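Peer 1: Here it is, the structure in full.
The values are calculated or read from the model by the stated rules, or taken from the named source; none is laboratory data. Not measured: the values here are computed from a predicted model. All Cβ positions, even for glycine, are placed from backbone atoms using ideal geometry, and neighbour counts span all protein chains on display. For the accessible areas, the whole protein counts, side chains as well, though only heavy atoms, and no ligand, DNA or RNA atoms are used. Shrake-Rupley method; radii C 1.70, N 1.55, O 1.52, S 1.80 Å.
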Amino acid sequence: MTRTLVRTMGAAALAGVVALAGSTALGEIVDADRSGEIAAQIDSSTPRNVILIIGDGMDDSMITAARNYELGADGRFALDELPFTGAMTTHGLKVGAGPDYPIAYVSDSAPTASAWSTGRKTVDSRVSQGPSTALEVAGTDYQTVLEKYAAAGKRTGNVSTAEITDATPAAAASHINNRACQGPATMATCQSALKSNGGKGSIAEQLVDNDVDVILGGGASRYAQATQAGPTVRQYAEDQLGYRVVSDKAGLAGVSSVEDRPVLGLFASGNMTPYYSPLVAQPGGAGSASTTCQPANRGNQPSLSEMTRKAIELLDNEDGFFLQTESAMIDKQEHASDICGAIGDLREIDETVKVALEYQAENPDTLVIVTGDHSHSTQIVGGPSGGKQTATVRTADGDPLTVAYSTQDSGSAHTGSQIRVAAKGPQAANVLGTIDQTDLFDLMLGKVPSTPAPTATFTVPATATRSEARATGIAVSSTIEDADRVRLTVEQAGRTLLTTALETGTRTTKVRVPKAVEGELVLTLTATGEGGEVERTRTVLVVR
Ligand SMILES: [Mg+2]
Ligand SMILES: [Zn+2]
């Protein structure tokens, strides 16, 4: 395997294999320099479309384990090949008296999804609402990026392999004090959100009340619950809001437009079925060097990539769209210490990334972001004794891979490490370095350049006598900010008579034009700074 040699051998050893990979003058560099290619991908414009792909619990450890299994140690997922990759912090807040709240170093999916959805930090279990003194006390609703896109006249979509009312998809388009209040039957801790109390209702109700054009996922049981007004949420969505409800792959395939009616796809009573059947880690070790993950029977459920492909097809329009699509079962299977389930949903997210990148290639004004929400517990370890619960599988390399879950004696919990964020398209370069989850909010809306563009205004007299123009000078009053260089050019009848520098700030300069004759003078002011260049033009009529 040439590729393995090249990737793993040191520079000195590479001299011997360089002929296999293309040589350079020094005979040590394997791949061509990528600087130009990367520079060409930087695009500071505001995206027309956003496709935000979330892997719940998807951290670098889980990505590596899934990659080892599916593709081998030298493999690369589509998500590995995005042009810009950065690190992202994901901490949240704890309830308190405020205005400053204690930091929660390990967050759940509610505040983390709220962070990119609203640009603000909040407390555990809270959905796109600010922090408060206790979980039962509602915070302030913050408008989400999906809502902002909708308000701008764009289409919106929300897709998940979990219940669509689960915390991650909930944060895109609902606001509630506790993520547990997914449907009207579980509102005990969200009294102020009850519609009878003047609130916005449960998460299930809010998602459809928010007129999201495409809603696809699990969670049919939440929509089967009766609203306070009587009908189920599903009936309410169909009868009052015009939703078309589909419940399987064929039903979804039959939807060809959301022009007139939005679509609500509910493909499982609870969470959807992961791609692989479980392999649950055990104290002392489950699986072996010959164990492979087995595809599960998912019946008529569509896969995440199928749901995402359909969502993009339905959302695609001239004005643009916002789509959040979540591979939720990475996290849920990690909680169950199930390595195969988690790998399967990571495989699904990568198929989804390919679908998004296909669309992006045809529509380069689309920002694609691939990230997780918080880190999790899957660790790659040396063998079955490497943690509290372990499991071993045979990878694509044909070698054993052991993972451990050690946060708890059984089951597994979130951890607090920074995670990967990768992107392509307008604004994508803003993920470079170490950013915070809240930074994604501005980025998805189109960040304002950090270096302000120069501003320039100037006035001149409407007329000047020939002797004023030639000897006294024309009074040029200018106000110029954020510029390094200011140039004034004077032209007459297409001929440049003078080019001179002006100072920045507010001042009046007497500009003498010795060659001026009667007729129109055109004065062009050009201010240049780090943030760009502006040009302003004025005319002076020279008279006798
Ligand atoms: Mg989630
Ligand atoms: Zn979780």
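Peer 1: Out of the residues in segment 153-174 that are farther than 18 Å from His335 by Cβ and open to solvent by 10 Å² or more (accessible area, probe 1.4 Å), state the one that is farthest from ligand 1 (Cβ to nearest atom).
Peer 2: Gly153
Peer 1: Any idea which of Ser174, Ser196 is away from ligand 2 (no atom under 16 Å from the Cβ) and out of contact with any Ser or Thr (no Cβ under 7 Å at 6 or more places or on another chain)?
Peer 2: Ser196
Peer 1: In segment 361-382, which residues are assigned to a strand (DSSP E or B) and closer than 20 Å to Arg347 by Cβ?
Peer 2: Val368, Ile369, Val370, Thr371, Gly372, Gln379, Ile380
Peer 1: For a quick check of your reading: which helices (runs of 4 or more DSSP H) sit entirely within segment 159-269 and have at least 3 residues that are free of Cβ contacts under 8 Å to residues at least 60 places away in the same chain?
Peer 2: Counting at least 3 such residues, we get 203-209, 220-223, 233-239, 249-253.
Peer 1: For segment 497-534, which residues satisfy the criterion of being open to solvent by 30 Å² or more (accessible area, probe 1.4 Å), touching a strand residue (DSSP E or B) at 6+ places or on another chain (Cβ under 7 Å) and touching a residue at least 60 places away in the same chain (Cβ under 8 Å)?
Peer 2: Within segment 497-534, Glu533 is the sole residue that qualifies.
Peer 1: Only residues that are assigned to a loop (DSSP other than H, G, I, E, B), closer than 18 Å to Val280 by Cβ and hydrophobic (A, V, I, L, M, F, W, C): list them for segment 326-351, please.
Peer 2: Ala336
Peer 1: While we're on this one: Among the residues of segment 100-118, count how many are surrounded by 21 or more Cβ atoms within 10 Å (Cβ to Cβ) and away from ligand 2 (no atom under 14 Å from the Cβ).
Peer 2: Final tally of qualifying residues: 5.
Peer 1: Also, I was wondering about something else. What number of residues within segment 223-263 satisfy the criterion of being of a type in the set (A, V, I, L, M, F, W, C), open to solvent by less than 20 Å² (accessible area, probe 1.4 Å) and either over 31 Å from the mean Cα position of the chain (by Cα) or within 18 Å of Leu314 (Cβ to Cβ) (or both)?
Peer 2: Residues that pass the stated criteria total 6.
Peer 1: Out of the residues in segment 356-388 that are among the hydrophobic types (A, V, I, L, M, F, W, C) and open to solvent by 10 Å² or more (accessible area, probe 1.4 Å), which is nearest to the chain's Cα centre (by Cα)?
Peer 2: Leu357
Peer 1: Right, another one. So, Arg420, is that one over 21 Å from Thr118 (Cα atoms) and either modelled with pLDDT of 95 or more or among the charged types (D, E, K, R) (or both) or not?
Peer 2: Here the answer is no, as Arg420 does not meet what is asked.
Peer 1: Please give the number of the condition Gly55 fails out of (1) more than 16 Å from ligand 2 (Cβ to nearest atom); (2) closer than 24 Å to Pro426 by Cα; (3) open to solvent by less than 50 Å² (accessible area, probe 1.4 Å); (4) not β-branched (Val, Ile, Thr).
Peer 2: Among (1) more than 16 Å from ligand 2 (Cβ to nearest atom); (2) closer than 24 Å to Pro426 by Cα; (3) open to solvent by less than 50 Å² (accessible area, probe 1.4 Å); (4) not β-branched (Val, Ile, Thr), the lone unmet condition for Gly55 is (1).
Peer 1: Hey, another quick one. Quick one: in segment 264-278, of everything that is over 14 Å from Met329 (Cα atoms) and in contact with a Ser or Thr (Cβ under 9 Å, 6 or more places away or on another chain), which residue is surrounded by the fewest Cβ atoms within 10 Å (Cβ to Cβ)?
Peer 2: Ser269
Peer 1: Let me ask another. Take the residues in segment 411-427 that are more than 16 Å from ligand 2 (Cβ to nearest atom) and not aliphatic (A, V, I, L, M), then tell me which one is surrounded by the most Cβ atoms within 10 Å (Cβ to Cβ).
Peer 2: Of everything passing the filter in segment 411-427, Gly425 is surrounded by the most Cβ atoms within 10 Å (Cβ to Cβ).
Peer 1: With respect to Gln408, is the statement that it is of a type outside the set (Ser, Thr, Tyr), open to solvent by 40 Å² or more (accessible area, probe 1.4 Å) and within 16 Å of ligand 2 (Cβ to nearest atom) true?
Peer 2: Taking the combined requirement at face value, the residue satisfies it.
Peer 1: Name the one entry in Val431, Val486 that is aliphatic (A, V, I, L, M) and touching a residue at least 60 places away in the same chain (Cβ under 8 Å).
Peer 2: Checking each option against the conditions leaves just Val431.
Peer 1: In addition: Inside segment 448-475, can you point out the residues that are without any contact (Cβ under 8 Å) to a residue 60 or more places away in the chain and in contact with a Ser or Thr (Cβ under 9 Å, 6 or more places away or on another chain)?
Peer 2: Once the filter is applied, which keeps residues that are without any contact (Cβ under 8 Å) to a residue 60 or more places away in the chain and in contact with a Ser or Thr (Cβ under 9 Å, 6 or more places away or on another chain), segment 448-475 yields Thr472, Gly473, Ala475.
Peer 1: Related question: Please list, ordered by first then second residue, the pairs with beta carbon atoms under 7 Å, 6 or more apart or interchain, first in segment 36-60 and closer than 28 Å to Leu346 by Cβ, second within 16 Å of ligand 2 (Cβ to nearest atom) and open to solvent by 60 Å² or more (accessible area, probe 1.4 Å).
Peer 2: Taking only residues 6 or more apart or on different chains, the pairs are Asp59/Ser417.
Peer 1: On the basis of being away from ligand 1 (no atom under 16 Å from the Cβ), in a helix (DSSP H, G or I) and within 31 Å of the chain's Cα centre (by Cα), does Ala396 make the cut?
Peer 2: No: the conditions fail for Ala396.
Peer 1: Turning to a different aspect of this structure: It is to be established whether one or more residues within segment 141-148 are over 24 Å from Ala224 (Cβ atoms), in a strand (DSSP E or B) and charged (D, E, K, R).
Peer 2: The answer is yes; a qualifying residue exists.
Peer 1: Need the failing condition index for Glu358 against (1) acidic (Asp, Glu); (2) within 16 Å of ligand 1 (Cβ to nearest atom); (3) free of Cβ contacts under 8 Å to residues at least 24 places away in the same chain, just the number.
Peer 2: With (1) acidic (Asp, Glu); (2) within 16 Å of ligand 1 (Cβ to nearest atom); (3) free of Cβ contacts under 8 Å to residues at least 24 places away in the same chain applied to Glu358, the lone miss is (2).
Peer 1: Also, quick follow-up: Hey, any hits in segment 333-341 for a residue that's acidic (Asp, Glu), out of contact with any strand residue (DSSP E or B) (no Cβ under 6 Å at 6 or more places or on another chain) and at negative phi?
Peer 2: So far as segment 333-341 goes, yes, one or more of its residues are acidic (Asp, Glu), out of contact with any strand residue (DSSP E or B) (no Cβ under 6 Å at 6 or more places or on another chain) and at negative phi.
Peer 1: With the condition kept exactly as written, say whether any residue in segment 301-316 is assigned to a strand (DSSP E or B), more than 16 Å from ligand 2 (Cβ to nearest atom), modelled with pLDDT of 95 or more and in contact with a helix residue (DSSP H, G or I) (Cβ under 8 Å, 6 or more places away or on another chain).
Peer 2: no
Peer 1: On the given criteria, is Ala185 away from ligand 1 (no atom under 16 Å from the Cβ), closer than 26 Å to Ile51 by Cα, surrounded by fewer than 24 Cβ atoms within 10 Å (Cβ to Cβ) and aliphatic (A, V, I, L, M)?
Peer 2: no
Peer 1: Same structure, new question: Return a yes/no flag: does segment 74-96 have any residue that is on the phi > 0 side of the Ramachandran plot and either among the β-branched types (Val, Ile, Thr) or open to solvent by 20 Å² or more (accessible area, probe 1.4 Å) (or both).
Peer 2: No, because not a single residue in segment 74-96 is on the phi > 0 side of the Ramachandran plot and either among the β-branched types (Val, Ile, Thr) or open to solvent by 20 Å² or more (accessible area, probe 1.4 Å) (or both).
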